[in-house]
1. For the stretch 24-53, name all the residues that are farther than 13 Å from GLY70 by Cβ, touching a residue at least 40 places away in the same chain (Cβ under 8 Å) and not β-branched (Val, Ile, Thr).
2. Scan the stretch 163-175 residue by residue and report those that are part of a strand (DSSP E or B) and at pLDDT below 90.
3. State whether one or more residues within the stretch 57-77 are charged (D, E, K, R) and over 17 Å from the mean Cα position of the chain (by Cα).
4. Name the residues in the stretch 17-46 that are of a type in the set (Val, Ile, Thr) and either touching a helix residue (DSSP H, G or I) at 6+ places or on another chain (Cβ under 7 Å) or surrounded by fewer than 17 Cβ atoms within 10 Å (Cβ to Cβ) (or both), would you?
5. Can you work out which of the residues in the stretch 177-216 that are modelled with pLDDT under 90 and assigned to a strand (DSSP E or B) is least open to solvent (accessible area, probe 1.4 Å)?
6. For the stretch 33-52, does any single residue satisfy the condition of being touching a Phe, Trp or Tyr at 6+ places or on another chain (Cβ under 9 Å) and modelled with pLDDT under 90?
7. Give the stretch 148-157 a look and list any residue that's over 15 Å from LYS215 (Cβ atoms) and either in contact (Cβ under 8 Å) with a residue 40 or more places away in the chain or surrounded by 15 or more Cβ atoms within 10 Å (Cβ to Cβ) (or both), or say none.
8. Right, ALA59: free of Cβ contacts under 8 Å to residues at least 24 places away in the same chain, touching a strand residue (DSSP E or B) at 6+ places or on another chain (Cβ under 9 Å) and open to solvent by less than 30 Å² (accessible area, probe 1.4 Å) or not?
Amino acid sequence: FSAGTIYVNSVNSCGFGAPKTKSITKQKSGMVGVITATEIATCPKRIVEYSVPALPNYADSIIWTVPSLGTIISGQGTLLIRVTYPSDANLSSQVLARGINNCSVGTARSIRVSFNAILCPATPIAKAVQSSINKIKEELKQNELKVSIFPNPSLNLFNLKVTSLEKELIVIFIYDLQGRLMQRLMVNPNELNQLGRELMPGNYFIEIKQGVNSKIERLIKL
């Protein structure tokens, strides 16, 4: 859809009245404002907050893209995100922010990201604690759900594969941006499934649950 006209007529038993019309157009999300970066921690990991001043015209959320070495730990879809980077890595890249609505993805705004590696001091106690944390993380990582959705955005349907060491069935919930449940289905782990053919164009959240493990991803139907 790009543009069109809505017509309306009054009517009685003798006929139709003269029509009234209204032209409608696709409202493309505007470009986000200037991105601000604030480094709030350096060790043991570098943590940086990125923010934009407001939602652009016709946007209902912000989609952020960060370098491959960065991890968004909070705020995806909002005006402010918090990103972690390894302190011992050299990095020269950029962070992107785009406004998004049910009709379009806006033009990206970027900010340069440039870091030099630093060596964080570590005491014997800190090393022991970090070793324990790493062990727990590794155990959790082995049991976590690995979700692959492609293509995304999609014009038709989405391919979904959920990789898991568990054999329990996986429950899929698809919600619209208002939190209304649009679809619910159950799939087997480690199998390729197709979904979303019935969804109207727009933005959705997909929740993948298996036992106590769960993940939430975003779907964009064009």
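1. LYS26, GLN27, LYS28, SER29, GLY30, MET31, GLY33, CYS43, PRO44
2. So the first thing to find is which residues in the stretch 163-175 are part of a strand (DSSP E or B), and the list is 163, 170-175.
The one that is part of a strand (DSSP E or B) and at pLDDT below 90: THR163.
3. So the first thing to find is which residues in the stretch 57-77 are charged (D, E, K, R), and the list is 60.
If we keep only those that are over 17 Å from the mean Cα position of the chain (by Cα) too, we end up with none.
No, the stretch 57-77 has no match at all.
4. Kept after step one, since they are of a type in the set (Val, Ile, Thr), are these residues of the stretch 17-46: 21, 24-25, 32, 34-36, 38, 40, 42.
Matches in the stretch 17-46: THR21, ILE24, THR25, VAL34, THR36, THR38, ILE40, THR42.
5. Per the stated criteria, the residue is GLN210.
6. The answer is yes, given that some residue of the stretch 33-52 is touching a Phe, Trp or Tyr at 6+ places or on another chain (Cβ under 9 Å) and modelled with pLDDT under 90.
7. Within the stretch 148-157, the subset over 15 Å from LYS215 (Cβ atoms) is 150-151, 153-157.
Hits for the stretch 148-157 are PRO153, SER154, LEU155, ASN156, LEU157.
8. Details: free of Cβ contacts under 8 Å to residues at least 24 places away in the same chain: no; touching a strand residue (DSSP E or B) at 6+ places or on another chain (Cβ under 9 Å): yes; open to solvent by less than 30 Å² (accessible area, probe 1.4 Å): yes.
Taking the combined requirement at face value, the residue does not satisfy it.
The values are calculated or read from the model by the stated rules, or taken from the named source; none is laboratory data. All values reported here derive from a predicted model rather than from experimental measurement. Using ideal geometry, Cβ is built from the backbone for each residue, glycine included, and neighbour counts are taken over all protein chains shown. These accessible areas exclude ligands, DNA and RNA; they are computed on the full protein's heavy atoms, side chains included. Shrake-Rupley method; radii C 1.70, N 1.55, O 1.52, S 1.80 Å.
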